[in-house]
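K.L.:
For reference, the structure I am asking about is given below.
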Amino acid sequence: MFEDGRIVRVGLIGYGYAGKTFHAPLIRSVAGLQLTIVGSSKRDTVLADLPEVKVCSNMEEVAAHSEVDLLVIASPNESHYPLAAVALRAGKHVVVDKPFTVKVADARDLVQLAEERGRLLSVFHNRRWDSEVLATKAIVASGVLGEISHFETHIDRFRPQVRQRWREKRGPGAGLWFDLGPHLIDQAVQLFGLPETINASFAALRRGGETDDWAHVQLNYKSLRVILHTSLLVSGGLPRSVLHGTLGSWAKFGADAQERQLVAGMLPGSPGFGDDPDPGILYEGATRKQTQIPAPAANQAEYYVGVREALWGRQPNPVPPEEASAVMSILDTSFQSGAAGRVLQLQLTDKEREAFAPSPY
């Protein structure tokens with residue numbers, strides 16, 4: 001990898017919502033990472049925010065640029081695979097925004113290519129560092145709920161009007177589940193391991209919608225059911241995450257604050273960054289007692305700290321590509337289940353299964 005402490009030069013492809021809101025500020029907040037080049041057609045917008053970087057409109061040129069050690073890909077989903085392949089073949093380390101790829105076979109091809117080239121390949125599953133996700137993980141680990149039987153998590157939004165953007169038009173990698181499904185799936189498998197079977201349903205419920213804007217996916221374990229749900233027609237009133245167990249239940253209302261803070265221009269390290277004012281609520285089964293449990297502070301910049309530490313040889317990859325390709329397989333199986341209208345077995349490679357400890361559920 002790199003000599004311990006050496007500056008890692010970072011190229012970023014894509015300066016739309018993800019690149020501008022998440023990747024650029026998070027990268028710039030981490031000591032040891034230096035954003036040097038941005039691949040974008042929005043030259044003036046990039047330079048207004050980042051006057052010190054070079055801007056290039058040729059994305060493949062950025063992917064193989066001599067001044068890039070680590071390439072971050074935050075461009076439309078269909079471009080993830082070809083750009084990552086170019087970068088890996090050019091000897092770059094690579095971070096890919098979620099979803100990893102559009103096709104499962106492409107994800108697995110990139111995993112093999114990174115292994116052959118001896119390069120770090122990681123996927124930006126940034127919600128692992130959200131307050132809501134950290135709070136859920138802490139409750140499961142505490143054992144306070146006893147044996148967990150049900151986990152339900154939502155990412156719902158209220159966007160009743162169809163917008164003119166690639167995510168909402170027909171095409172590879174478009175639709176709500178491709179956008180938010182990887183977040184929900186990754187959270188579930190990080191908590192509970194790999195499911196045995198999957199059943200799913202999808203719909204386009206908004207007038208004029210071309211892609212799915214409602215998704216309901218169930219992951220089935222031996223003694224656990226996990227519900228993953230997302231919709232663009234929910235204006236509020238529901239908890240984001242719910243756990244039920246043999247000793248009680250727990251619910252978390254309110255989303256992690258980091259996205260709103262980043263949009264407003266607040267940077268990691270600023271006072272209050274990542275603070276979540278909405279506590280989780282523990283409902284004790286025997287007594288009906290309700291106890292508020294503060295949500296932990298969160299910082300998505302920890303993902304890039306992990307990438308830096310991995311490149312410096314100090315710790316493992318924060319999101320190994322085998323974990324991300326397993327998420328892609330679950331995503332693909334859910335689409336197949338929705339189309340067929342039946343429960344399907346999950347098909348994984350040996351390496352994808354080995355990336356997770358056997359599920360106790």
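K.L.:
Looking only at the range 14-26, count how many residues are in contact with a helix residue (DSSP H, G or I) (Cβ under 8 Å, 6 or more places away or on another chain) and under 17 Å from V307 (Cα atoms).
P.N.:
4
K.L.:
Filter the range 208-231 down to residues that are in a loop (DSSP other than H, G, I, E, B), farther than 23 Å from P358 by Cα and open to solvent by 10 Å² or more (accessible area, probe 1.4 Å), then give me how many there are. If you could, list the steps in order and put the result at the bottom.
P.N.:
Step one: filter the range 208-231 for residues in a loop (DSSP other than H, G, I, E, B), giving 208-213, 221-224.
In the following step, the residues that additionally are farther than 23 Å from P358 by Cα were identified as 208-213.
With the extra rule that they be open to solvent by 10 Å² or more (accessible area, probe 1.4 Å), the set shrinks to 208-212.
The qualifying residues number 5.
K.L.:
Another question about this same structure. Looking at (1) touching a helix residue (DSSP H, G or I) at 6+ places or on another chain (Cβ under 9 Å); (2) assigned to a helix (DSSP H, G or I); (3) more than 23 Å from P182 (Cα to Cα), which is the only condition G11 fails?
P.N.:
(2) is the only condition that G11 fails.
K.L.:
So, in the range 165-186, of the ones that are closer than 15 Å to A324 by Cβ and open to solvent by 10 Å² or more (accessible area, probe 1.4 Å), which residue ends up nearest to the chain's Cα centre (by Cα)?
P.N.:
H183
K.L.:
Considering only residues of the range 92-110 that are more than 18 Å from A63 (Cβ to Cβ) and in contact with a Pro (Cβ under 7 Å, 6 or more places away or on another chain), which is least open to solvent (accessible area, probe 1.4 Å)?
P.N.:
Among residues in the range 92-110 that are more than 18 Å from A63 (Cβ to Cβ) and in contact with a Pro (Cβ under 7 Å, 6 or more places away or on another chain), the one least open to solvent (accessible area, probe 1.4 Å) is P99.
K.L.:
Can you report the number of residues in the range 232-243 which are open to solvent by less than 30 Å² (accessible area, probe 1.4 Å) and small (G, A, S)?
P.N.:
The total comes to 1.
K.L.:
R128 fails exactly one of the following numbered conditions: (1) in contact with a strand residue (DSSP E or B) (Cβ under 8 Å, 6 or more places away or on another chain); (2) open to solvent by 20 Å² or more (accessible area, probe 1.4 Å); (3) of a type outside the set (A, V, I, L, M); (4) under 20 Å from H229 (Cα atoms). What is the number of that condition?
P.N.:
Looking at each condition in turn, R128 falls short on (1).
K.L.:
Now, a different point. G209 versus (1) free of Cβ contacts under 8 Å to residues at least 60 places away in the same chain; (2) under 27 Å from A141 (Cβ atoms): which is the lone unmet condition?
P.N.:
Among (1) free of Cβ contacts under 8 Å to residues at least 60 places away in the same chain; (2) under 27 Å from A141 (Cβ atoms), G209 violates only (2).
K.L.:
Let me ask another. If a residue counts only when it is touching a helix residue (DSSP H, G or I) at 6+ places or on another chain (Cβ under 6 Å) and open to solvent by less than 80 Å² (accessible area, probe 1.4 Å), which strands (runs of 3 or more DSSP E) contained entirely in the range 244-361 have at least 2 such residues? Spell out how you get there, then give the answer.
P.N.:
On the way: elements: 248-252, 280-284, 290-293.
Hits in the range 244-361: 248-252.
K.L.:
Taking V144 and the conditions (1) closer than 20 Å to A295 by Cβ; (2) among the β-branched types (V, I, T); (3) part of a helix (DSSP H, G or I), which numbered condition does it fall short on, given that it satisfies the others?
P.N.:
(3)
K.L.:
Of (1) under 30 Å from M266 (Cα atoms); (2) in contact with a strand residue (DSSP E or B) (Cβ under 8 Å, 6 or more places away or on another chain); (3) among the β-branched types (V, I, T), V305 satisfies all except one. Which?
P.N.:
Unmet condition: (2).
K.L.:
Hey, among V123, V144, V162, V133, which residue is under 30 Å from A297 (Cα atoms), touching a residue at least 40 places away in the same chain (Cβ under 8 Å) and surrounded by fewer than 19 Cβ atoms within 10 Å (Cβ to Cβ)?
P.N.:
The match here is V144.
K.L.:
While we're on this one: Please work out if A200 is open to solvent by 10 Å² or more (accessible area, probe 1.4 Å), among the small types (G, A, S) and touching a His at 6+ places or on another chain (Cβ under 8 Å).
P.N.:
When the stated conditions are applied, A200 passes them.
K.L.:
Please pick out the residue among L205, L180, L194, L184 that is under 19 Å from V226 (Cα atoms) and outside any helix (DSSP H, G or I).
P.N.:
Of the residues listed, the single one that is under 19 Å from V226 (Cα atoms) and outside any helix (DSSP H, G or I) is L194.
K.L.:
A further question follows. Tell me which of these L110 doesn't satisfy, since it passes every other one: (1) in a helix (DSSP H, G or I); (2) over 21 Å from the mean Cα position of the chain (by Cα).
P.N.:
Looking at each condition in turn, L110 falls short on (2).
K.L.:
Is it the case that I155 is open to solvent by less than 20 Å² (accessible area, probe 1.4 Å), over 19 Å from the mean Cα position of the chain (by Cα), farther than 16 Å from G280 by Cβ and β-branched (V, I, T)?
P.N.:
no
K.L.:
Output the residues belonging to the range 202-259 that are out of contact with any Asp or Glu (no Cβ under 8 Å at 6 or more places or on another chain) and among the aromatic types (F, W, Y).
P.N.:
W214, W250
K.L.:
Inspect the range 300-313 for any residue being touching a His at 6+ places or on another chain (Cβ under 7 Å) and touching a residue at least 12 places away in the same chain (Cβ under 8 Å) and give the result as yes or no.
P.N.:
Yes, the range 300-313 contains a residue that is touching a His at 6+ places or on another chain (Cβ under 7 Å) and touching a residue at least 12 places away in the same chain (Cβ under 8 Å).
K.L.:
List the residue pairs whose Cβ atoms are under 9 Å apart, where the first residue sits in the range 3-20 and is over 18 Å from H65 (Cβ atoms) and without any contact (Cβ under 8 Å) to a residue 40 or more places away in the chain, the second is charged (D, E, K, R) and open to solvent by 10 Å² or more (accessible area, probe 1.4 Å), and the two are 6 or more positions apart or on different chains.
P.N.:
If the second residue must be charged (D, E, K, R) and open to solvent by 10 Å² or more (accessible area, probe 1.4 Å), the pairs left are K20/K42; K20/D49.
The values are calculated or read from the model by the stated rules, or taken from the named source; none is laboratory data. Please read all numbers here as calculations on a predicted model, not as lab measurements. Here the Cβ is made from the backbone with ideal geometry for all residues, glycine too, and neighbour counts use every protein chain on show. What goes into the accessible areas is simple: the full protein's heavy atoms, side chains included, and nothing from ligands, DNA or RNA. Shrake-Rupley method; radii C 1.70, N 1.55, O 1.52, S 1.80 Å.
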